[in-house]
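So the structure is just underneath, and the comments pick up after that.
The values are calculated or read from the model by the stated rules, or taken from the named source; none is laboratory data. Since the model is a prediction, treat every value here as computed from it, not as a measurement. Glycine gets a Cβ as well: all are built from the backbone with ideal geometry, and neighbour counts include every protein chain shown. Ligands, DNA and RNA are excluded from the accessible area calculation, which covers all protein heavy atoms including side chains. Shrake-Rupley method; radii C 1.70, N 1.55, O 1.52, S 1.80 Å.
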Amino acid sequence: MGKTNPGRFFEDYRLGDVIRHAVPRTVAEGERALYHALYPARHALYSSDEFASACGLEGSPLDDLLAFHVVFGKTVPDVSLNAVANLGYAQGRWIRPVYPGDTLRSESEVIGLKQNSNGKSGVVYVRTRGFNQMDEVVLDYVRWVMVRKRDLDAPAPETVIPELAQVVAPDDLVIPEGLTFENYDFELAGEPHRWGDYEIGEKIDHVDGVTIEEAEHMIATRLWQNTAKVHFDATFREDGRRLIYGGHVISMARALSFNGLANAQMIVALNGGAHANPCFAGDTIKVWSEVLDKAETGVPDIGAIRLRLVATKQGAGEFAYKGADGKYLPEVLLDLDYWALMPI
Amino acid sequence: MGKTNPGRFFEDYRLGDVIRHAVPRTVAEGERALYHALYPARHALYSSDEFASACGLEGSPLDDLLAFHVVFGKTVPDVSLNAVANLGYAQGRWIRPVYPGDTLRSESEVIGLKQNSNGKSGVVYVRTRGFNQMDEVVLDYVRWVMVRKRDLDAPAPETVIPELAQVVAPDDLVIPEGLTFENYDFELAGEPHRWGDYEIGEKIDHVDGVTIEEAEHMIATRLWQNTAKVHFDATFREDGRRLIYGGHVISMARALSFNGLANAQMIVALNGGAHANPCFAGDTIKVWSEVLDKAETGVPDIGAIRLRLVATKQGAGEFAYKGADGKYLPEVLLDLDYWALMPI
Amino acid sequence: MGKTNPGRFFEDYRLGDVIRHAVPRTVAEGERALYHALYPARHALYSSDEFASACGLEGSPLDDLLAFHVVFGKTVPDVSLNAVANLGYAQGRWIRPVYPGDTLRSESEVIGLKQNSNGKSGVVYVRTRGFNQMDEVVLDYVRWVMVRKRDLDAPAPETVIPELAQVVAPDDLVIPEGLTFENYDFELAGEPHRWGDYEIGEKIDHVDGVTIEEAEHMIATRLWQNTAKVHFDATFREDGRRLIYGGHVISMARALSFNGLANAQMIVALNGGAHANPCFAGDTIKVWSEVLDKAETGVPDIGAIRLRLVATKQGAGEFAYKGADGKYLPEVLLDLDYWALMPI
């Protein structure tokens, strides 16, 4: 009893607390290969050292979302073990590429608290930062989760809700040092469409679909050292089903969006995201995107494109999203809002 | 609609066209480990840097078939997205070993075209070459596929059928530079049988079997960035089954042939191959081989052996192959004809 | 017939024989990533190069059990192909950490033989040693298996039963050169509990559970090049089920014990082990540990803790172990007795 980690409950969080998360992780060629084996990831910058070098990087970085999952996974034992729901993301920024051999660790600062009116749970806002072995920040993001109280009589903390930007401003996007699309090879990248070819409001049906398997989502989720029981233990839920880690759906969706967005190479910001409905093994994921905005970056040949990425499951209609009541349709799994970099 | 890749249709191919395929890929220790995790691969030259060094190589290369699948996978979006059938292979040759850290890309030249008499489809012959980051050819092969027409009224091209050798001539086999079996350690390799111990016409039942899982064939197929829908999307076929990438069966069959052919170390040529029947998850693959030919290579201690490798599924009789009508028996999945190098 | 390996039968073993096992294997970052993807392994020393360096090692070694499985896997074709049962382990010691890039091979010496009274089989005792590419021993252990006779008329060998210690004596534990826990970071390691916090007799329910999948145990078992048919071929057993390699259960159990034993970093000895009941896909594994003993190691800040690790499946009661008859309860899968190193 005393030795295992019971997780934190709502009353255990204090505004301003900084939690240094456990188990740093060295990520290398093996993690890269597994990422490409679990998701149909084909963005050339993450696939080929030669292509990445031609774009001014020291070599092919690990996928942006791989870095995100590793940083995120470390927060689970401290932030979401007793979470009832993962409510949202905001202000996510990728600051520095992660290369094979880097060691990642995470810290989270409690930046907001609000007890629910039922007195049984509350919302915790954390800003999580991922660091490499040089203690350089590689990414940061805000996440808020609903967490149960252990002691219903514990007093409610003062309510503090952080002001969160709806969208990361284009000026705040970080362009990796040295990155250039001046000699970008569209043929090797897989598609001819450049930044200028996309219009705000344009929707793309990415066509391809993948049916999810238990073994695959568990392999992925363990790889990020995310050990939430609900993903692994078929006896945990009453219905005997394992809930699929939302990050698995995010990575699958992003990889499937290659077909139509092959040149949206690097994710540089996560404006927001919602896991609209749970995903289970046997579901077949398809995705569509909508161009929400475009911006220049200050680097001549690099444009930023803001995309809505929506993952749906079998039974969804074309561009399925929300119903007349403003709620997500039951076949919608994911609604993600991000900025990516493209050759202009 | 406009942004995703619809694939090429029969009328889109022109004789002499050279297609430079997308998404180069750096392959490293991660891909090697996954290959050994997905297939029971045990040939010592691909398992141990020490063993490979003792054979004159700079280290253990990546498995020949891993290189083949990576090169092949890149051709799928350009060659076989609208293919009705993968009809055959010929004149495949491995020219140069692929080592961890190499970056592979592919090009295909259209070398033959023949519209079918029904006017709805045609056969496209391509010669595909895989290159490393030094632009050296690592392997090449001819493949022909039946591709649908988009516009049935498109005029038929002039029929050109390339002359293809039934077998790669022994003189055309490429022995990797420096390779020697002079100090070959049969004990570490796993079997005492040398080139001289095999007789033309000899058949070997390799005994072992593996039952195929959905998660495994999808992980493998993604690893080669082969994204054909039919392998991943259970809603794609009317019967709700995912067709297994033929290359998965090839690699599984080759790995299973270790037991009896442990010293047939390197594949150097692919004379031909047929995916006789489709393979689905739940099938149990077993294999047998027949020695079709033997040849000297000019290198004193290295012999070439030509093998027929046949993969069957549950229900097959011993050495199951073709019926009295000359057609493959329904339990036969694969018929592969290749040259390998063995210590004399 | 003649070319495949029929395996050794009881009468093929001679006391004092040393068998040099086939197929050396270079293990690297890919194997590490796969280990972390297949098991919820989170011990910081094996996860982070930085953490391992701070503990005086040259970098993060490959997991102790990964080394064990690779060494063990090589023995299967020579020792247990015709085994009826894997009876036990004793005197296992990890002598030297295995680092990415090392090449492992194995040798086994026959140290005991005893024909069974039924004359149909016998018990073979082997001492197996794993070597790296410098021919340094990385681990050794004794294992005994019951093996069938091929020729029931073969004369029984003289019975020799080796004297095996019940427990590796603390003085015989090998502390890796340079290892220090002087600057051990408990926060990054994941738990505050040190050696002094554990009491002999203390039991820990590790809480977490994992439901086993066919694809995962096969991927793992192939990774160690363990090719015993019974793990892979669903047509092999009459009930159509694939028996899960006992080592898969060992690694899953050890990884699950992180929650409560995060600081039991390195396994240095295997005192004994029993695969109490078979494990099949669909089983949900949970584990508990009991502190059997504690010892000082001579290195000031490093203590040794002797643990019983018990894996159970669905339906097991708390701390399920043996019944009144002294036999394992049917829900008990594994009973492992090992020494680990912890910060004092």
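Data overview
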{"item": "Bins of 10 Å from zero: percent of alpha-carbon pairs in the range A:56-207", "result": "9, 29, 30, 21, 9, 3, 0"}
{"item": "B:Glu318-C:Ala156 FRET efficiency (beta carbon distance; Förster radius 56 Å; 0.05 resolution)", "result": "0.95"}
{"item": "Inter-chain Cβ neighbour average for residues A:185-193, partner chain, 10 Å", "result": "4"}
{"item": "Within 10 Å of each Cβ in A:256-263, the average number of Cβ atoms from other chains", "result": "3"}
{"item": "Other copies of C:Ile200: label-to-label distances in nm, shortest first, labels 7 Å along the beta-carbon direction", "result": "7.4, 7.4"}
{"item": "Loop-resident sites, the range A:58-166, for trypsin sites (Lys or Arg not before Pro), counting at most 15 other Cβ within 10 Å (DSSP)", "result": "A:Lys120, A:Arg150"}
{"item": "Sites B:Leu15 and B:Asp171 - FRET efficiency at Förster radius 41 Å, r taken between beta-carbons, to 0.05", "result": "0.90"}
{"item": "Cross-link table C:Lys3/C:Lys286; B:Lys229/C:Lys74; B:Lys203/B:Lys229; B:Lys286/C:Lys74; B:Lys120/B:Lys286; C:Lys120/C:Lys229, entries beyond 32 Å C-alpha to C-alpha", "result": "C:Lys3/C:Lys286; B:Lys229/C:Lys74; B:Lys203/B:Lys229; B:Lys120/B:Lys286"}
{"item": "Kirkwood hydrodynamic radius (C-alpha pairs) into Stokes-Einstein, the range B:193-284, 25 °C and 0.890 mPa s, D in µm²/s", "result": "161 µm²/s"}
{"item": "Threshold 50 Å² - residues in the range C:20-54 whose accessible area is reduced by that much or more when the chain is no longer isolated, probe 1.4 Å", "result": "C:Arg20, C:Val23, C:Pro24, C:Thr26, C:Glu29, C:Ala33, C:Leu34, C:His36, C:Ala37, C:Arg42, C:Ser47, C:Glu50"}
{"item": "Choice from B:Tyr89, B:Tyr141, B:Tyr184 showing the highest fluctuation, given a GNM over chain B with Cα pairs closer than 10 Å", "result": "B:Tyr184"}
{"item": "Å² of accessible area per residue within the range C:23-89, as computed with a 1.4 Å probe and no ligands counted", "result": "18 Å²"}
{"item": "Computed P(r) (all Cα pairs; the range C:124-260; 10 Å bins; percent)", "result": "7, 21, 31, 28, 10, 2, 0"}
{"item": "For A:Val268, net neighbour charge (Lys/Arg +1, Asp/Glu -1) across residues whose Cβ lies under 15 Å away", "result": "-4"}
{"item": "Sparse-neighbour loop sites [GluC sites (Glu not before Pro); the range C:207-279; at most 15 other C-beta within 10 Å; DSSP]", "result": "C:Glu238"}
{"item": "Alpha carbon centroid spacing (whole Å) that separates the range B:199-261 from the range A:154-228", "result": "32 Å"}
{"item": "All-pairs Cα distance distribution in the range A:47-134, expressed in whole percent, bin size 10 Å", "result": "14, 40, 26, 14, 6, 1"}
{"item": "For C:Thr235, inter-copy label distances in nm, listed shortest first [label point 7 Å out on the Cα-Cβ vector]", "result": "3.4, 3.4"}
{"item": "Environment charge of C:Glu290, counting only residues whose C-beta is closer than 13 Å and scoring Lys/Arg +1, Asp/Glu -1", "result": "-1"}
{"item": "Pairs of Cα atoms farther than 15 Å apart, the range B:86-155, %", "result": "60 percent"}
{"item": "Inter-part distance where the range B:33-102 and the range A:69-137 are each reduced to a Cα centre, Å", "result": "40 Å"}
{"item": "Average beta carbon contacts from partner chains per residue of C:198-204, 10 Å cutoff", "result": "1"}
{"item": "For B:Ile95, inter-copy label distances in nm, listed shortest first [label point 7 Å out on the Cα-Cβ vector]", "result": "4.7, 4.7"}
{"item": "Estimated FRET transfer efficiency (A:Glu202, A:Lys120; beta-carbon r; R0 51 Å; 0.05)", "result": "0.70"}
{"item": "Pairs of Cα atoms farther than 46 Å apart, the protein assembly as shown, %", "result": "30 percent"}
{"item": "Of all accessible heavy-atom area on the range A:249-344, the percent that carbon and sulfur account for (1.4 Å)", "result": "49 percent"}
{"item": "Rg in Å to one decimal, and Dmax rounded to a whole Å, for chain A via C-alpha atoms", "result": "19.8, 63"}
{"item": "Total charge dipole magnitude, chain A, about the Cα centre, Cβ charges on Lys, Arg, Asp, Glu only, Debye to nearest 20", "result": "1520 debye"}
{"item": "Pairwise burial B:C, computed as accessible area of each alone minus the pair, summed, 1.4 Å, Å²", "result": "3200 Å²"}
